[in-house]
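Below is one structure; the comments refer to it alone.
The values are calculated or read from the model by the stated rules, or taken from the named source; none is laboratory data. Everything numeric here is computed off the predicted structure, so don't read it as measured data. For neighbour counting, all protein chains shown are included, and Cβ atoms are generated from backbone atoms with ideal geometry for every residue, glycine included. Each accessible area value is taken on the protein alone, full model and side chains, heavy atoms only, with ligands, DNA and RNA left out. Shrake-Rupley method; radii C 1.70, N 1.55, O 1.52, S 1.80 Å.
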Amino acid sequence: MVRELDAVSKIQKILDSISPREKNKTGDIYLNIIQNEFIKIDGRIDIPKISVNELDYRSSAGIVEKMSPFIPEFLFKSKLLERRIPPSDQHFFQFIKSVRGRALEFTHMFKIDIKFGGDSSTIIEKGGTEFYPSYFTDRIYFKSRLIPGTVTQHPGRSELNTLRLMDANRVDSEGFFYSFAVFEDIKARETSKKLSDFLGSDMFKISTDIYPFVVYDYFTGCLNIPCPSYDQIEEAVSVFEPAFLYIYSFYKNVDGILGPGSIGEIFSDELEYTDQGLVLTPSYRERLRKYFSRYALYQDDDLALKGWRRFIIDEA
């Protein structure tokens, strides 16, 4: 059996060998009935049985080797996150990229879920109480999230330091106050809706009830990137960074990030100070609207029967 560290090293070598000239061998990107993203690949991949407890790299390093020829644009410049964040993502591969904005550091998190989620006709070997079934698939389920913050990997653990919007919440229950983590308290969907509303209800062509681009995760405001090639991630950082600072200003003093007045100087074309606080400039609002309007969701009768929607992405 390959040792865990050797397996991690093997996966990283696969990632490091990806050339910037390699192109994806994929079809369309979809949203399924439970609002999970997946992309069709031009072929199929056999997924071996994996433990119901956790995806360990020793027995699954070969999965990345099989997947990487299909999605090199998504994996280019990635680092494998050895210890998952949060640990409850025990059946995901997590790949990260660090991208610098004009003022902030961002981490792009690309997560691939390999739990069995297909129909019985795709099963190669049945599972049991200890292992999920092995199966073949023509799709890759993923989450693609741009996070304002940095990841530090330590022996035995990974740490994600984000620009938190909120740290903890307090509630009054029968006269007693309890403090608890936002992760366990805040309803992510409701908070995501609120973050989107800060930018304006006219900003998004796709309903935020179906697919919110701005989401609350990792204690902060993140951006979903449906097609996470490296150039798309860099563009997303450029577009989202001022918007995130604007959202941040609703929760905390934005001047505390870089010092008084610095935000207004660095982002003078996008943000301005008024008596009411930080606001988006008209030209930047138009840029944001144009960025989000490139995405649409399509559903015909066949897709509706499956509960799927197909992303239409205008790259012009």
**Request:** Run the accessible area of the chain with a 1.4 Å probe and give the carbon-and-sulfur part as a rounded percent.
**Result:** 49 percent
**Message:** Below 8 Å, C-alpha to C-alpha, sequence gap of six or more: please give me the relative contact order for the chain in percent.
**Reply:** 17 percent
**Request:** Pairs of Cα atoms under 8 Å, at least six residues apart: use those to get the relative contact order of the stretch 1-126, whole percent.
**Result:** 25 percent
**Of (1) 21.8; (2) 20.0; (3) 15.1, the label for mean projected area of the Cα convex hull in nm² derived from the coordinates** = (2)
**Prompt:** In percent, what relative contact order does the stretch 248-300 have, based on Cα pairs under 8 Å that are 6 or more apart in sequence?
**Reply:** 19 percent
**Asked** Would you list L271, L163 from the most to the least accessible area, probe 1.4 Å?
**Response** L163, L271
**Asked** Can you work out the FRET efficiency for the pair R21 and D300, with r the C-beta to C-beta distance and R0 = 41 Å, to the nearest 0.05?
**Response** 0.70
**Message:** Pick from D89, D42, D301 the residue whose mean-square fluctuation is largest in a GNM of the chain, springs joining Cα atoms under 10 Å.
**Reply:** D301
**Complete:** the stretch 234-278 and the stretch 201-232 have their Cα centres apart by a whole-number Å value of 18 Å
**Message:** Only Cα pairs within less than 10 Å get springs; with that Gaussian network setup on the chain, which residue of F219, F250, F106 has the largest fluctuation?
**Reply:** F250
**Message:** I'd like to check one number: the per residue accessible area of the chain, probe 1.4 Å, reported in Å² as a whole number.
**Reply:** 50 Å²
**Request:** Quick one: accessible surface of E105, probe radius 1.4 Å, all protein chains present, in square angstrom to the nearest 10.
**Result:** 80 Å²
**Highest-MSF residue in the chain out of K193, K306, K77 [GNM, Cα springs under 10 Å]** = K306
**Item:** Ellipticity estimate at 222 nm from DSSP helix runs (n ≥ 4, -39,500 (n - 2.57)) divided over the chain, nearest 500
**Value:** -8000 deg cm²/dmol
**Asked** Quick one: how many Å² of E270 are accessible to a 1.4 Å probe, rounded to 10?
**Response** 20 Å²
**Prompt:** Leaving out ligands, DNA and RNA but keeping every protein chain, what accessible area does K187 have, in Å² rounded to the nearest 10, with a 1.4 Å probe?
**Reply:** 130 Å²
**Message:** Students often forget the sequence filter, so: which lysines lie under 20 Å Cα-Cα from K79 once same-chain residues fewer than 8 apart are removed?
**Reply:** K10, K13, K23, K66, K97, K111, K143
**Prompt:** Once fully extended, how much extra length lies between I124 and R310, figured as 0.36 nm per residue of separation less the alpha-carbon to alpha-carbon distance?
**Reply:** 64.2 nm
**Request:** Keeping every protein chain in place, order S207, S144 by accessible area at 1.4 Å, biggest value first, i.e. largest first.
**Result:** S207, S144
